[in-house]
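Inspection log for the structure reproduced underneath, given as C-alpha cells.
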C-alpha cells in the first residue's frame, strides 16, 4: 500500500497504526491480536515535508515526493505498484488557504488528480481519500449526514469537494474502488499549530503562559475526534465496502469556549482566553452524523474528549517549557 502525506499529523499515526496491528476494537494505544500488523516492506510512504517532519516511522522510510509533480508521483507508483492507496497529502492550513488559495487547488485538486492517474496506470485497486467536514458548509440540519448538500464556504472546502468528484469519476470510468472519509476536527499528539487546529493552538498558548485566542464569541461548535480513532477508520476503509462515503467524527458538538475551559483545567495556571474577530470562511456549527461509519465500517470512536485531551496535553507538556510562576 501507498500512504501519501505520511509525515503529516494524521499520516504518521495511520502508518504507525498499520505497523503495530492494533486491536481495532481496543482503546487508543492498546495492542491486541484483532488485526495483523502490516510489514514495513508492504508500505510505501511519501510526503513533501511542507508540514510533516518525520522522515522515518518505525522501519518505514518516508520518501520526499510532492504530489503536485506528476512525474515524481508516477515514478513512485511504477516502482511500488501499490494495490491500495491512502491519500492524505493536502494543504490544510486555514491561514495559508486565505493567503494562497491557489495552493489549495494545486495540492488538493491537481495533486489528487496526479495520484488517481498514476493509480489507474499501474492497476491500483482502491484509493481511500481523506476529505473534510468543510465540504458541507453551514449545515442546514444537525447532525450533518453524508446526504447533506455540499456547500463549502472556503477554498479549502471547495478543493476537497472537487477532489471527491474526481475520485468518484475515476471510480465510475476506470473501475477504481473509492472510499471517501469526511473527517471532523481531528486532534491529538503530534499536531502542529501552524496548520490551524484549535486544540494544538490552545494547548501551546496555555503552556507558554498566553491566553488562547478564541475567534468569535466561543459559542461556535465543532465535532472533535482523536487521531488514533481516525487511524483505525482508515485501516478499516482499506478492507470495507467500496464506494463508501462516510463521516469520521466523534458525533457530538463541543463549543470552542468549553474546549478552552477543559484545556484550562488541564494546564495549571493557564491564562483566561482572549477573543478575536471571527475568521472568514469559518463554519458556525458543526457536528457530524457518524452512523454510516458505524454501520458500514464497523467503526466507532473509542477515545472520549476528556481522555484525548489528557493524552494530548501529556505530549505537548513534554515538549514545551512552561514559564515560571509569577513571584
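Just so it is clear, none of the values below were taken in a lab; they were calculated from the coordinates. Just so you know, these numbers come straight off a predicted model, no measurement behind them. Every residue, glycine as well, gets a Cβ built from its backbone with ideal geometry; the counts of neighbours run over all protein chains shown.
Across the alpha-carbon set of region 151-231, the Rg to Rh ratio works out to 1.09, Rh being the Kirkwood radius. Computed across region 128-264, the Kirkwood hydrodynamic radius from all distinct Cα-Cα pairs reaches 16.3 Å. Axis angle, to the nearest 10 degrees, between helix 227-237 and the longest C-alpha principal axis of the chain: 20 degrees.
Could you calculate the contour length gain from residue 122 to residue 177, that is, 0.36 nm times the residue separation minus the distance between their Cα atoms, to one decimal place in nm?
On the way: separation 55, 0.36 × 55 = 19.80 nm, distance 1.39 nm.
Fully extending the segment from residue 122 to residue 177 adds 18.4 nm.
Can you put 315, 299 in order, fewest other beta carbons within 10 Å first?
Details: 315 14, 299 25.
Fewest-to-most Cβ neighbours within 10 Å comes out as 315, 299.
Across all directions, the average flat footprint of the convex hull enclosing the Cα atoms of region 52-104 is 4.8 nm².
Between the Cα long axis of helix 256-266 and the first principal axis of the chain there is an angle of about 70°, rounded to the nearest 10.
In Å³ and rounded to a whole number, note down the convex hull volume per residue for the Cα atoms of the chain.
Numbers: hull volume 40.1 nm³, N = 327.
Per-residue hull volume (Cα only) is 123 Å³.
Enter the angle in degrees (range 0 to 90, nearest 10) between the Cα long axis of helix 305-317 and the first principal axis of the Cα atoms of the chain, meaning the one along which they spread out most. Value to nearest ten degrees: 80. Structural descriptor for the chain: relative contact order 18 percent, calculated from alpha carbon pairs under 8 angstrom and at least 6 residues apart. For the chain, what does the helix formula give at 222 nm: sum of -39500 (n - 2.57) over DSSP H segments with n ≥ 4, over the residue count, nearest 500 deg cm²/dmol? Calculated at 222 nm, the ellipticity per residue is -10000 deg cm²/dmol.
Using only the Cα atoms of region 254-310, construct the convex hull and provide its projected area averaged over every direction, in square nanometres to one decimal. Please report the intermediate quantities before stating the final value.
Working: hull surface 22.1 nm².
Reported value for the Cα convex hull: 5.5 nm².
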